[in-house]
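Engineer: What follows is a single structure, and I will ask about it in a moment.
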Amino acid sequence: MNTQSVPKHYAATQVGTADRLQLVVMLYEGAISFLRQAQEKMAQKDASGKGLYLGKAMDIIAELNASLNFKEGGEVAANLFRLYNFMTAHLTRANLNWDQEAVEEVLALLSQLKEAWEEVCRKAKTGELKETEETPTAPPRQHLGSLVV
């Protein structure tokens with residue numbers, strides 16, 4: 001195994017061994033990381049880099065949106081659906097207009113959501129919250145545009 005494939009192998013192992021709640025947190029972490037990279041590219045006036053990283057973040061948000069379970073999630077799923085669509089529109093505007101404030105707003109929202117999901121994970125691990133077998137969520141697809149999970 002060459003040294004360039006070590007991080008990819010580690011990431012694949014991490015994703016392959018994570019439970020579904022941890023996967024959600026990992027998706028949020030990925031989107032946040034890509035948005036920070038997009039901000040760096042915006043500061044450098046690198047249009048292609050900006051577009052690449054904003055696109056990767058939007059791919060993750062699209063995956064989160066596609067995995068919502070409206071039947072079991074009810075109002076929470078509906079609210080997340082609206083929030084993810086808001087984020088996508090904001091990031092599209094950010095990409096077109098080099099709008100760093102829009103990126104910051106989405107970063108703040110994603111950070112808050114990540115913290116909430118981390119708390120859900122913590123509660124699930126300590127037994128305060130039980131995952132039910134009857135309500136599986138769809139696993140992330142293996143390939144989604146520029147996002148490879």
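The values are calculated or read from the model by the stated rules, or taken from the named source; none is laboratory data. None of these values were measured; they are calculated from a predicted model. Heads up, the Cβs are rebuilt from the backbone with ideal geometry, glycines too, and the neighbour counts pull from every protein chain shown.
Engineer: Tally time: how many residues in the stretch 36-55 are of a type outside the set (Gly, Ala, Ser), in contact with a Phe, Trp or Tyr (Cβ under 7 Å, 6 or more places away or on another chain) and closer than 14 Å to residue 107 by Cβ?
Structural biologist: Let us first name the residues in the stretch 36-55 that are of a type outside the set (Gly, Ala, Ser), namely 36-37, 39-42, 44-46, 50, 52-54.
Now drop any that are not in contact with a Phe, Trp or Tyr (Cβ under 7 Å, 6 or more places away or on another chain), which leaves 37, 41-42, 53.
Now drop any that are not closer than 14 Å to residue 107 by Cβ, which leaves 37, 42, 53.
Qualifying residue count for the region: 3.
Engineer: Looking at 67, 48 in this structure, which one is modelled with pLDDT of 95 or more and polar (S, T, N, Q)? Step through it out loud before you land on a result.
Structural biologist: Values: 67 fails: modelled with pLDDT of 95 or more.
Sole residue among the options that is modelled with pLDDT of 95 or more and polar (S, T, N, Q): 48.
Engineer: Moving on. Hey, could you check the stretch 51-106 for residues that are over 17 Å from residue 25 (Cα atoms) and in contact with a Gly (Cβ under 8 Å, 6 or more places away or on another chain) and say which is surrounded by the most Cβ atoms within 10 Å (Cβ to Cβ)?
Structural biologist: Taking the candidates together, the pick is 95.
Engineer: In the stretch 52-75, which residues are part of a loop (DSSP other than H, G, I, E, B) and either polar (S, T, N, Q) or touching a strand residue (DSSP E or B) at 6+ places or on another chain (Cβ under 7 Å) (or both)?
Structural biologist: Listed by number, the residues that qualify are 67, 69.
Engineer: Of the residues that make up the stretch 95-102, is at least one of a type outside the set (S, T, N, Q) and not in a helix (DSSP H, G or I)?
Structural biologist: Kept after step one, since they are of a type outside the set (S, T, N, Q), are these residues of the stretch 95-102: 96, 98-99, 101-102.
Checking the rest, the ones that are also not in a helix (DSSP H, G or I) come to 98-99.
Yes, the conditions are met somewhere in the stretch 95-102.
Engineer: Quick check on residue 83: is it under 16 Å from residue 116 (Cβ atoms), in a helix (DSSP H, G or I), modelled with pLDDT of 95 or more and out of contact with any Cys (no Cβ under 7 Å at 6 or more places or on another chain)? Spell out the reasoning first.
Structural biologist: On the way: under 16 Å from residue 116 (Cβ atoms): yes; in a helix (DSSP H, G or I): yes; modelled with pLDDT of 95 or more: yes; out of contact with any Cys (no Cβ under 7 Å at 6 or more places or on another chain): yes.
So residue 83 passes the test.
Engineer: Moving on to the next point. Which ones in the stretch 83-105 are more than 17 Å from the chain's Cα centre (by Cα) and acidic (Asp, Glu)? Show your work before the answer.
Structural biologist: Going through the stretch 83-105, the residues more than 17 Å from the chain's Cα centre (by Cα) turn out to be 93-101.
Across the stretch 83-105, the qualifying residues are 99, 101.
Engineer: Still on this structure: Name the residue, out of 147, 113, that is modelled with pLDDT under 95, crowded, with 16+ Cβ neighbours inside 10 Å and not polar (S, T, N, Q). Steps first, please.
Structural biologist: Details: 113 fails: modelled with pLDDT under 95.
Just a single option satisfies the conditions, and that option is 147.
Listed here are the residues, each with its yes/no results for (1) of a type outside the set (D, E, K, R); (2) farther than 30 Å from residue 124 by Cα; (3) free of Cβ contacts under 8 Å to residues at least 12 places away in the same chain.
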| position | (1), (2), (3) |
| --- | --- |
| 21 | yes, no, no |
| 39 | yes, yes, no |
| 49 | yes, yes, no |
| 53 | yes, yes, no |
| 72 | no, no, no |
| 88 | yes, no, no |
| 100 | yes, yes, no |
| 111 | yes, no, no |
